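Presented below is the structure to which this report refers.
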Amino acid sequence: MNKYGGNAGAIAALVREAEVHRDVYVDPEIFELEMEHLFPNSWIYVGHASQLAKPGDFITANIGRQPVMASRHTDGSIHVFYNRCPHKGVKIASEPCGNTGKFFRCPYHAWSFKTDGSLLAIPLKKGYEGTGFGDTQANEGLSKVRNVVIYRDFIFARLSDSGVSFEDYFGESLSTIDNMVDRSPEGKLAVQATPIRYMHTCNWKMLVENQTDTCHPMVAHESSAGTAVKVWKREQGDATETPMAVQLYGPFMSPYEFYEQSGIRIWPNGHGHTGVANSIHSNYQDIPGYLDQMVAAYGEQRAHEILGEVRHNTVYFPNIMVKGAVQILRNFIPVAVDKTLVESWVYRLVGAPDKLYERALMYNRFINAPTSIVGHDDLEMYERAQEGLKSNGNQWVNLRRLYDGHEEQDVTAVINGTSERQMRNQFHAWAKFMTMDMDKRIEAAE
Amino acid sequence: MISEKTITDFIYEEAELLDTMQWQAWLDLFHPEGRYWMPLEWQQQDPVLQPSLMYEDLLLLKVRVERLAGERTFSQKPKSRCHHLLQSPRIVACDPAAGVFKARTSYIYTETRGDNLERYSGWASHDLVRVGDALKIKLKRVDLVNFDAPFGNIQLFM
Ligand code: FES
Ligand SMILES: [Fe+2]
């Protein structure tokens, strides 16, 4: 079937002002086009610079479905390449992370590359003399991803040579990453834990949408968070302190009014966050010694400013979500139209008390693990949607909550926290980044 | 007197309770300070400052058990079932004088729900204490052989 390929009009028509066609979630051709257009045109999270502490350190990742890797070069710079040998395509690195020493060496025929990707040596090199090898792409070594920006240690890459610049793409949304980093008294995060990985049999966009879906927690999570609150009430006896676990689960059961007034902020290009005024992370118990450290580092006023900003979920379009207040990043990695690998990372606030790290790790396993009861609630909904959308009875998904009939696109705004506007914002961006290079490519082919 | 056979019988009995979904009786096997731990790293030492899949006390295990029966627990419609296939436990310690009872059991665990069936392999380590005449679980540690792989929902107990 070739209904959508090269047909920007047909793709744009899948996204109405306040509805989207179910093909965006279930059509394999749309998924292929997302891999070909949407992901290369967007800025995608690759990893964190703390994972590349020493020269020779490397990590592997995917941009869409394309394997890439990042490495720390001998001169300290960070480089991102496609993870494939220029000879016959063998993946250079097969592990999530490691240290390669002074150079990468392909395991198949031992071509070797410097840690900036350039070709170092080929065994029996004279076999290439006079063959025109010098003019091939292979002679350049590992193919570089040229558009790479490292923002406060967060490594982002855009595969397409042309497109929206990093600054224009993210704009003010970077304030969530800023806040997360600023929460370290040293202004520094470190990845020390392997991510929790969780396979979802649903389209990746369902997960992204769910991040700002504030009308589901008190319903879908009544079974988990609701039960946690109930069991604690019954069992607490004369306990004077609420356990950290109950502090984390409890706020999920906040009523609609809480989410309404906490607000949603949207930004251009599909980014946005819940929890503007306050959030489910606002009322965790203070951790002894932390505030003092922050005041010492930043001064009274700035420390309170940083800790007073307690955003809930920030979606960085297309496929990550950041929680500054608990130092978690969730990466929704598309595998197939109905399969998504979710990797949830915890960052350690360098210099902060261990208790904060304990809490972040606890939150991650409570909410983001295949063994998480909150995760079970959510995945059940995504799986049912993935099945239900095959029905032809109604081919549209409704995103009309608090739609006022004339929404401006690509703006910054703060709105009622139960609005589905951030989902609409994402789909506007989706159509934009899906189609922005389509006509150009057709022209080039003609 | 607690013998090696008492420990082995305890472990078989525990698996039986899980397979027959006698959740409350299973919870009763735990010491009030007991923990259920599923590490996320090879030979992991620290459940608190290293990432785990699960590290839960009795309160949280009660929440899980109560949730399984909840009217609005949609991920349990239909209900999951499980099956434990255990190798004979290897007794690591059986020292009544010191009150130390430990065993390690290799297992294959199956969890099903509707038409889906998932199979997991690993080792269960039991750290037991004596309370009155009975043994209770101080720590049940479940190490999956492929702890680092991405799983779908694991809703019951290994
Ligand atoms: S495929 Fe890498 S050296 Fe041949
Ligand atoms: Fe949820």
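Taking the 1.4 Å solvent-accessible surface of chain A as the whole, the part contributed by carbon and sulfur is 49%. Considering only A:54, A:125, A:188, the Gaussian network model of chain A with Cα springs below 10 Å gives its largest mean-square fluctuation to A:125. Measuring between their Cα centroids, segment A:281-337 and segment B:66-126 lie 36 Å from each other. Averaged over peptide A:193-206, the number of partner chain Cβ atoms lying within 10 Å of each residue's Cβ comes to 3.
With everything on Cα atoms, drop me the angle between helix B:58-68 and the longest principal axis of chain B, reported from 0 to 90° to the nearest 10. So the inclination is approximately 40 degrees. Mean sequence separation of contacting Cα pairs (under 8 Å, at least six apart), scaled by the length of segment A:1-129, corresponds to a relative contact order of 15 percent.
When the P(r) of chain B is calculated, the portion above 29 Å amounts to 15% of the C-alpha pairs. Hydrodynamic estimate: the Kirkwood radius of segment A:44-151 over Cα pairs, inserted into Stokes-Einstein at 37 °C and 0.692 mPa s, corresponds to D of 232 µm²/s.
Please give the net charge around residue A:345, taking every other residue with its beta carbon less than 13 angstrom from that of residue A:345, where Lys and Arg add +1 and Asp and Glu add -1. Result for the local shell: +3.
When chain A is described by a simple charge dipole with +1 on each Lys and Arg Cβ and -1 on each Asp and Glu Cβ, the residue from A:229, A:198, A:403 located farthest towards its positive end is A:198. Charge dipole (Cα centre; +1 on Lys/Arg Cβ, -1 on Asp/Glu Cβ; no other charges) of the protein assembly as shown amounts to roughly 1280 debye.
Taking one quarter of the surface of the C-alpha convex hull of segment A:125-185 gives a mean projected area of 6.7 nm². With Cβ to Cβ distances under 14 Å as the rule, what net charge do the other residues near residue A:390 carry (K, R +1; D, E -1)? Charge balance in the 14 Å sphere: -3.
Relative contact order for chain A: 21 percent, from Cα pairs under 8 Å spaced at least 6 residues apart, divided by residue count.
Zone of residue A:216 (label point 7 Å along Cα→Cβ, backbone N under 11 Å): which residues in segment A:382-418? Zone members listed by number: A:382-386. For segment A:203-356, rounded, prolate or oblate, judged on the Cα gyration tensor with a ≥ b ≥ c (square roots of eigenvalues), a/c < 1.5 rounded, else prolate if a/b > b/c? Oblate, since a/c reaches 1.5 and b/c is not below a/b. Among residues other than residue A:47 with Cβ under 12 Å from its Cβ, the summed charge is -2 (Lys and Arg +1, Asp and Glu -1). The Cα-based radius of gyration of chain A, divided by its Kirkwood radius, gives an Rg/Rh of 0.99.
Need one word for segment A:378-431: rounded, prolate or oblate. Basis is the Cα gyration tensor (sqrt eigenvalues a ≥ b ≥ c); a/c below 1.5 gives rounded, then a/b vs b/c decides. Please report the intermediate quantities before stating the final value.
On the way: a/c = 2.27, a/b = 1.90, b/c = 1.20.
Since a/c reaches 1.5 and a/b is larger than b/c, the shape of segment A:378-431 is classed as prolate.
No disulfide-compatible partner, judged by a Cβ distance under 4.7 Å, exists for the following cysteines of the protein assembly as shown: A:97, A:202, A:215, B:82, B:94.
The values are calculated or read from the model by the stated rules, or taken from the named source; none is laboratory data. Because the structure is predicted, anything quoted here is derived from the model rather than measured. Counting neighbours? That spans all protein chains shown, and the Cβs are built from the backbone with ideal geometry, glycine included. Ligands, DNA and RNA are excluded from the accessible area calculation, which covers all protein heavy atoms including side chains. Shrake-Rupley method; radii C 1.70, N 1.55, O 1.52, S 1.80 Å.
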